[in-house]
Amino acid sequence: MQATLDAQKTQKARNIMGQFSTPYPLALDIMQYMKNVIGKDGVSFIEPSIGTGVFYSAYTEVFSGGKEILGFEIDPHYFNPSKEFWKGTRLQLRQGDFLTQTPDYEYDMLVTNPPYVRHHHIDVETKKRLQADVQKKTGIRVSGLAGLYCYFMLLSSAWLKKDGLSCWIVPCEFMDVNYGEAVKKYLTDNVQLLHIHRFNDNEPQFKDALVSSCIVVFRNEPSNKDEIIKFSLGGSINSPENVKFFTTRQLKPDTKWTNLFTGSALTESAKATIGDFFYVKRGIATGDNSFFIIDQNTIDRYEIPQLFLRPILPGPRYIKGDCIGSENGLPDVDRRLFLFSCNLPENIIKEQFPKVWLYILSGYERGVQNSYICSHRKPWYSCEEREPAAIIVPYMGRAESSRKMFRFILNTSNAITTNVYLMLYPKPEYAHYMKQEATLKKVWHNLNTISSNELVCKGRFYGGGLRKMEPNELKQTPAGNIGDILTGKAQLSLF
Ligand SMILES: C[S@@+](CC[C@H](N)C(=O)[O-])C[C@H]1O[C@@H](n2cnc3c(N)ncnc32)[C@H](O)[C@@H]1O
């Protein structure tokens, strides 16, 4: 339908209205990226210049749920067939100029490829109106040379929730030309820029429009000057070829930003903290370790099948080195333990696994089911499902110990941990890099170079030289040069 509709218009007419649609694979890639950043389903979504709805199509592929979905399209040539095509779906379509609409809802997410209409196709009156509108809403003065897509970006936040996410495929030129200063000012002062991905100039994304494009992602919240921003170049947004990091403070609206993707000067990750790169979670709380954490003897005695077992690490004093090897996924430790967890109803266990039922009965006899955690679970003998983490930290450290007070342990096995450890899970945008063994090891080494002082001043003091580290305290600890490592710029001498 897109091809047919495009063919019915001249190239010139499409140019004047900025009508170059996004290839579906690119839309899908962007939507998958957004899902990773948002991390949940059921998000409301606005598309300000929807064309035939390629981003809505990708949205339905990637996100489930989500009731409020709105698209605007000015041109009946695209609007009418789209309206017919998407009839009966959750997509609400309105014909009209997005730039004259009054926001009537705040959405979780905006994703679009706005019209790249050049300034000489915008009439003087419209330009004046848009400039005044931007000035009123953002305090920013826009040059008369700015293309229509700049106004789309600058006027979009009123449609977003306070921390809503906004994603734009736009021409790269705003990063270098004078009129782009307004957009750069907006991205550094008015909202929280998160990521700019620039495509390689020799891989144009739109076969019928000769522009080099980038994807700009920002959050609709006040700018934090210490926030780390990702600049990636080449490949795709989910798997870029080169990545650099800057803080908002380092980005100056009156400088050329396209240099930043390739230049070397500015990477400064000193401000980054562990929480910028990792989610930090306590290991699981079983409710009664003496019942749920079992060894091979118990497994043999009660004939507990693999199905109900997950490898789990013993306490830190049983972990000798700082790296846990793996034998077919099982941890290479002296005390090999397993988490017992089962979510089948009692009658099925009784019938199909009579020995396992005996084990559960032994738990009943000891009153395990009455512990606070167990009594809030259904069934009480099913524990939290958790992924293993490649890096873990014992959550208690002792000051007088000869070894480092807090150590980061590399876990190459599939074992999970109890809450005597903190578990570090890479954030989605970095997970890809940390899947590479060499990079993960560099990150781990780097974490172990963080001085005890830095770690301890975040942790809490207890009697007898005992210190504890809560997830939030670890998250706030400076992360050394992990940002550099992730960009492939690690100072190898460190390792
Ligand atoms: C670059 S195309 C992208 C369409 C679609 N978002 C996609 O990615 O395939 C921009 C679309 O915006 C529409 N458009 C142009 N000016 C508009 C305006 N002021 N308000 C709403 N839509 C507009 C054009 O007709 C065109 O369909």
The answer for the per residue Cα convex hull volume of the chain, in Å³, is 187 Å³
What Kirkwood hydrodynamic radius do you get for the stretch 86-194 when you take the inverse of the mean 1/r over all pairs of distinct Cα atoms, in Å?
14.8 Å
Distance histogram for the stretch 1-123 (every C-alpha pair counted, 5 angstrom bins, percent rounded to whole numbers)
2, 11, 21, 23, 20, 13, 7, 2, 0
Let me test this: with uniform point scatterers at the alpha carbons of the stretch 2-268, what is the Debye-based log₁₀ I(q)/I(0) at q = 0.10 1/Å?
-0.47
A convex hull over the alpha carbons of the stretch 286-383 yields, per residue, a volume in Å³ of 105 Å³
Under 5 Å, built H, 5+ apart or other chain: amide partners of Cys323
Leu410
Please report the base-10 log of the normalised intensity I(q)/I(0) for the stretch 338-426, using a Debye sum with one equal scatterer per alpha carbon and no solvent, at each q in 0.11, 0.12, 0.15, 0.26 (1/Å).
-0.48, -0.55, -0.75, -1.24
In whole Å, how far is the Cα centre of the stretch 356-435 from that of the stretch 11-37?
43 Å
If the convex hull is drawn through the Cα atoms of the stretch 1-73, its volume per residue in Å³:
89 Å³
Gln92 long-range amide H proximity, modeled H, under 5 Å
Ile69, Leu70, Gly71
Which of the lysines could a cross-linker span from Lys9 if the Cα-Cα distance has to be under 20 Å and same-chain partners fewer than 8 positions apart are dropped?
Lys83, Lys207
For an R0 of 51 angstrom, estimate the FRET efficiency from the Cβ-Cβ distance between Thr10 and Ser326 and round to the nearest 0.05.
0.25
Rounded to 5, the percent of DSSP beta bridges in the chain classed as antiparallel
65 percent
Kindly flag which residue pairs out of Lys184/Lys244; Lys281/Lys427; Lys225/Lys252; Lys128/Lys162; Lys40/Lys281 have an alpha-carbon separation exceeding 20 Å in this structure.
Lys128/Lys162
Considering the dipole of the chain built from charges on the beta carbon (Lys and Arg +1, Asp and Glu -1) around the Cα centre, which of Leu26, Ala438, Val37 is farthest to its positive end?
Ala438
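No value in this document is a laboratory result; all are computed from the given coordinates. Just so you know, these numbers come straight off a predicted model, no measurement behind them. In this analysis, Cβ positions are derived from the backbone assuming ideal geometry, glycine residues included, and neighbour counts consider all displayed protein chains.
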